[in-house]
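To keep things clear, I will list the structure first and then write my remarks on it.
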Amino acid sequence: MMNYFPDEVIEHIFDYVVSHRDRNALSLVCKSWYRIERCTRQRVFIGNCYSITPERLIQRFPGLKSLTLKGKPHFADFSLVPYGWGGFVYPWIEALAKRRVGLEELRLKRMVVSDESLELLSRSFTNFKSLVLVSCEGFTTDGLAAVAANCRYLRELDLQENEVEDHKGQWLSCFPDSCTSLVSLNFACLKGEVSLGALERLVARSPNLKSLKLNRSVPLDALQRILTRAPQLADLGIGSLVHDPESEAYIKLKNTILKCKSITSLSGLLEVAPHCLAAIYPICPNLTSLNLSYAAGIQGSDLIKLIRHCVKLQRLWIMDCIGDKGLGVVAQTCTDLQELRVFPSVPFGNPAANVTEVGLVAISMGCPKLHSLLYFCHQMTNAALITVAKNCPNFIRFRLCILDATKPDPDTMQPLDEGFGAIVQSCRRLRRLSLSGQLTDQVFLYIGMYAEKLEMLSIAFAGDSDKGMLYVLNGCKKLRKLEIRDCPFGDMALLTDVGKYETMRSLWMSSCEVTVGACKLLAKKMPRLNVEIFNENEQEDCSLEDGQRVEKMYLYRTLAGKRKDAPEYVWTL
Amino acid sequence: MGTLEQIDVPHTQSSSSSSSSIDSNNHPSRTPPPSSPSSSVCRKRTDLSTDLRLGLSISPSSQSQPPFNSTPREESFNWPPIKSILRSTLVGKQSHLSQRPSLFVKVYMEGIPIGRKLNLMAHYSYDGLVKTLGHMFRTTILCPNSQPLNSGNFHVLTYEDQEGDWMMVGDVPWEMFLNSVKRLKITRADRC
């Protein structure tokens, strides 16, 4: 029936179909739908920038307005990917500029962004509105200055956890007076100072500003002045909250904050004097999101005092110095909690800053709506995981990291197979899972059997044999990303089902038992996979012998063939 | 500065694979990551000026602090999996968490034999100090340059410095004051 409608009608219907997966599905129905879909598509998501060439993208979607690109593998976040691996955005911007694509929005994650590419971006797309950079590197404040100066209709500049070199060039002052369109500005990750006057003037002329995240160089008195000019803010990131609690500036801030009724999301507190926390108590009851993962200056007792005010919280990112007791308070107070992340306050563990299974069980009892968890802890028990699985069957993301990576259940000295087994059996909607603790092949048997919706799995120091990996590859039909480190999985596991990898985005294996020969064989059998081996040996003349163990391997499906920008240590087989 | 941790990492044998693999790099087959530190953890005692820098500076500089020391083996382990930008924030802040700097000094008020003790590090300026002392001793403490209308129930704040001299509080920058103060005395305004 649909084929009898004119194209305009079908286009109009397609306007209501928004998600990437649904749009992809539309394009597969028939040739005319493919054609209509590609011409009307405005937003494209590319999970691996090397899976396709920019030219091919532009050819298919000439009306592209918004592009999301991801570069390096996830384990790059933990320094497992050596410098220079790749993920350069410049060729993309160059190609889009050359074809005069009307780009308005660019969202990048784990990519290398040079100042040059930012400058080209700022000059090439007159309607450019939104730049979001997450965990990127390679640029300096000079690049930001170009974006500020040239993007006349900029609405969003969102820098999340990037490594940015500070060139002290007053980039913030480069926003022209005519720029009044800002809705979101986040420069919390920048280390250097900004011109406070320029910042205040910018805020004053941005009536639509809803989200502002400052870096640690913005002091308390400047914060107060900014807040008076932006009472409409909904999302605030505080840089520095350090001042004498008796001082005029602090008292002024307290009064100003009382007027900020719209703030529902709070983050930062990068520098904080504990007495000053009381200033933010008035906004706590309105908060739905609180991110204190960088607030290393706050002690557990002060965190607890703060949390008691946050009754509406849905998302909480916090450090483990809140302790099990503090998590108990969270469980009592934040009954609407959906997402929780607990980060380690001391990387190698500090018994004083302690969260264990006790805290997690308390949370599971008090927060039935919990669906996303990232939990760094000292220990975990099977009993606790089984209880959590029963209390919270709605988990979509469940990531557990025990600081002592191969620690068994301390009560029974057993591996944590049963506990994680309970999680996957109970949480039928689970899409992402990270394991830790002592684990045998058994846990993978459970995962293969029950985790039907699982899309991403991260494994470290787990398993006994190839069977473990095979259970997962065979069982998890929806698996897209698998990343493995320090596990005894070898060639047999790698090669048993080579076709599987074309159904996935990528596979990472490091410090496992896979050999060069097996990787070569895999690459030969599957021409549409790029199989990359990282050879970080200093010796130049070492050739890869088949029997040699591979330290790091990253493979991904691609239509672009072997990439041309790989550094010397990357061997694409 | 932070902690210096010595962690013993047991090296397991890499003999389990059946193929005659030529393992040209030195990585052991699968070494468990460092567990909680078993050997001694020693914390360097820093002088007050370092504590001041840590407690008062906006961005903790590492001038007098040795860098966070870990064995190369630990660093190559990359565990736990936290983003490097978060890790560097934590390492810089470790000393804040393990021990907040404090500086308790004795405070006497003229005419009262029993003194009090006060943590100077809990304040960030003379303003706050004077107000706290005013509450503590139930009096009004004047700034050095102001003239009282009548010298009734007013006091001024003095301190003994490292050289044993008694000085008026408020003339030097706050940080310099913290470095030189030994104890405080509240004396009657009409005496000075």
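Under the rule of at least 5 residues apart or a separate chain, name every residue whose amide H is placed under 5 Å from the amide H of residue A:317.
A:290, A:291, A:292, A:341
Evaluate E = 1/(1 + (r/R0)^6) for residue A:178 and residue A:383, where r is the Cβ-Cβ distance and R0 equals 51 Å; express this FRET efficiency to the nearest 0.05.
My answer for the efficiency is 0.25.
Under a point-charge model restricted to the Cβ atoms of Lys and Arg (+1) and Asp and Glu (-1), what is the dipole moment magnitude of region B:104-188 relative to its Cα centre, in debye to the nearest 20?
Dipole size: approximately 460 debye.
Hey, if you put +1 on the Cβ of every Lys and Arg and -1 on every Asp and Glu Cβ in region A:111-220, which of A:133, A:145, A:198 ends up farthest toward the positive end of that dipole?
A:198
Under the Kirkwood approximation for Rh and a Cα-based Rg, what ratio Rg/Rh is obtained for region A:1-144?
On the way: Rg = 16.9 Å, Rh = 16.4 Å.
Rg/Rh for region A:1-144 comes to 1.03.
What's the average, rounded to a whole number, of partner chain beta-carbon atoms within 10 Å of each residue's beta-carbon in B:175-182?
Partner-chain Cβ atoms within 10 Å, mean over residues of B:175-182: 0.
Are there any helices in chain A, counted as whole DSSP H runs, that stretch 27 Å or more along their axis by Cα and score at least 1.6 on average by Kyte-Doolittle, and if so which?
On the way: long enough: none.
Correct list, ordered by number: empty.
Which peptide among A:17-24, B:166-173 comes first, and what is the full order, when sorted by highest mean count of other Cβ atoms within 10 Å?
The densest-packed peptide leads the list: B:166-173, A:17-24.
Looking at the P(r) of region A:83-148, how many percent of alpha-carbon pairs lie beyond 19 Å?
Numbers: 497 of 2145 pairs.
Summing the P(r) of region A:83-148 above 19 Å gives 23 percent of all pairs.
I'd like the Kirkwood hydrodynamic radius of region B:104-188, using the inverse of the mean 1/r over distinct C-alpha pairs, in Å.
With all distinct Cα pairs of region B:104-188 included, I get 13.1 Å.
Amide H to amide H under 5 Å from residue B:154: which residues, 5+ apart in sequence or cross-chain, H placed 1.01 Å off N in plane?
Under 5 Å from the amide H of residue B:154 lie the amide H atoms of B:189, each far enough along the sequence or on another chain.
Which of the peptides A:242-249, A:520-527 is most tightly packed, and how do the rest follow, going by the mean number of other Cβ atoms within 10 Å of each residue?
Top to bottom by mean Cβ count within 10 Å: A:242-249, A:520-527.
Out of the trypsin sites (Lys or Arg not before Pro) in region A:377-465, which ones are loop residues according to DSSP with at most 13 other C-beta atoms within 10 Å?
Details: sites: A:390, A:397, A:399, A:428, A:429, A:431, A:432, A:453; in loops: A:428, A:429, A:431, A:453.
Counting only loop positions with at most 13 other Cβ atoms within 10 Å, the trypsin sites (Lys or Arg not before Pro) in region A:377-465 are A:428, A:429.
How big is D, in µm² s⁻¹, for region A:114-164 by Stokes-Einstein at 4 °C and 1.567 mPa s if Rh is the Kirkwood radius over C-alpha pairs?
It diffuses with D of about 120 µm²/s by this estimate.
At 10 °C and 1.306 mPa s, what whole-number value in µm²/s does Stokes-Einstein give for the translational diffusion of region A:354-406, with Rh from the Kirkwood sum over Cα pairs?
It diffuses with D of about 143 µm²/s by this estimate.
Charges at C-beta only: +1 for Lys and Arg, -1 for Asp and Glu. How large is the resulting dipole of chain A about its Cα centre, in Debye rounded to 20?
Working: 69 positive and 63 negative charges, 499 e Å.
Rounded to the nearest 20 debye, it is 2400 debye.
Return P(r) of region A:160-318 (all Cα-Cα pairs; 10 Å bins starting at 0; whole %; ordered from short to long distances).
11, 42, 36, 10, 0
log10 I(q)/I(0), Debye, Cα-only region A:53-123, no solvent, q = 0.20 Å⁻¹?
-0.84
Which aspartates and glutamates does residue A:562 reach when only Cα atoms under 17 Å apart count, and residues fewer than 8 places away in its own chain are ignored?
Here the aspartates and glutamates satisfying the reach criterion relative to residue A:562 are A:55, A:502, A:532.
Straight-line reach only, C-alpha to C-alpha below 17 angstrom: list the lysines that residue A:129 could link to, leaving out same-chain residues fewer than 8 apart.
List returned: A:65, A:210.
Quick one: work out the % antiparallel among DSSP beta bridges in region A:217-342, nearest 5.
Values: 0 of 16 bridges.
Antiparallel: roughly 0 percent of the beta bridges in region A:217-342.
Average partner chain C-beta neighbours within 10 Å, per residue of A:239-246?
Values: counts 1, 2, 0, 4, 3, 11, 6, 10.
The shielding value for this peptide is 5.
Only four residue types carry charge here, +1 at the Cβ of Lys and Arg and -1 at the Cβ of Asp and Glu. Report the dipole size of region A:45-180 about the Cα centre in Debye, rounded to the nearest 20.
On the way: 16 positive and 17 negative charges, 155 e Å.
Computed charge dipole of region A:45-180: roughly 740 debye.
Tally the DSSP beta bridges in region B:104-188 and give the antiparallel ones as a percent, rounded to 5.
Of all bridge pairs located within region B:104-188, approximately 70 percent are antiparallel.
Report the normalised scattering of region A:208-263 as log10 I(q)/I(0) at q = 0.15, 0.20, 0.26 Å⁻¹, calculated by the Debye formula with identical scatterers on the alpha carbons.
-0.38, -0.67, -1.08
I'd like the mean, over residues of A:547-555, of how many other protein chain beta carbons sit within 10 Å of each residue's own Cβ.
Rounded to a whole number, the mean comes out at 3.
Can you give the alpha-carbon Rg of region A:1-41 over 2.2 N^0.38 Å, where N counts its residues?
Working: Rg = 9.2 Å, N = 41, 2.2 N^0.38 = 9.0 Å.
Taking the Cα Rg and dividing by 2.2 N^0.38 Å, one obtains 1.02.
For chain A, place one equal point scatterer on every Cα, skip the solvent, and apply the Debye formula. What is log10 of I(q)/I(0) at q = 0.06 Å⁻¹?
Those come out to -0.34, one per q.
Taking the Cα centre of region A:1-41 as the origin and placing charges on Cβ (Lys, Arg +1; Asp, Glu -1), which of A:17, A:4, A:28 is farthest toward the positive end of the dipole?
Of A:17, A:4, A:28, it is A:28.
Distance from the Cα centre of region A:87-129 to that of region A:297-342, in angstrom?
Comparing the Cα centres of region A:87-129 and region A:297-342, I get a distance of 39 Å.
Just subtract the alpha-carbon distance of residue A:153 and residue A:193 from 0.36 nm times their residue separation and send over the number in nm, one decimal.
Full extension of this stretch gives 11.9 nm more.
Around residue A:413, under 14 Å between beta carbons, what's the net of Lys plus Arg minus Asp minus Glu among the other residues?
Combined, the nearby Lys, Arg, Asp and Glu give -4.
Run through every distinct alpha carbon pair of region A:183-232 and return the Kirkwood hydrodynamic radius in angstroms, one decimal place.
10.9 Å
Output the pairs from A:70/A:478; A:252/B:185; A:369/B:83; A:213/A:259; A:325/B:131 with a Cα-Cα distance over 24 Å in this structure; if there are none, say none. Before the final figure, lay out the partial values.
Details: A:70/A:478 20 Å; A:252/B:185 31 Å; A:369/B:83 27 Å; A:213/A:259 18 Å; A:325/B:131 35 Å.
In this structure, A:252/B:185; A:369/B:83; A:325/B:131 exceed 24 Å between Cα atoms.
Starting from the amide H of residue A:460, placed 1.01 Å from N in the peptide plane, find each other amide H under 5 Å away whose residue is 5 or more places distant or on another chain.
A:435, A:485
So what is the relative contact order of region A:1-59, in percent, for Cα pairs below 8 Å that sit 6 or more residues apart?
In percent, rounded to a whole number, it is 27.
Against the empirical 2.2 N^0.38 Å scaling, what ratio does the C-alpha Rg of region A:383-521 come to?
Details: Rg = 14.4 Å, N = 139, 2.2 N^0.38 = 14.3 Å.
Computed over Cα atoms of region A:383-521, the ratio equals 1.00.
Between region A:206-241 and region A:453-501, how many Å separate their Cα centres?
46 Å
FYI, it's all coordinate maths here, none of it is from the lab. Since the model is a prediction, treat every value here as computed from it, not as a measurement. Cβ coordinates were reconstructed from backbone atoms using ideal geometry, including for glycine residues, and neighbour counts include every protein chain displayed.
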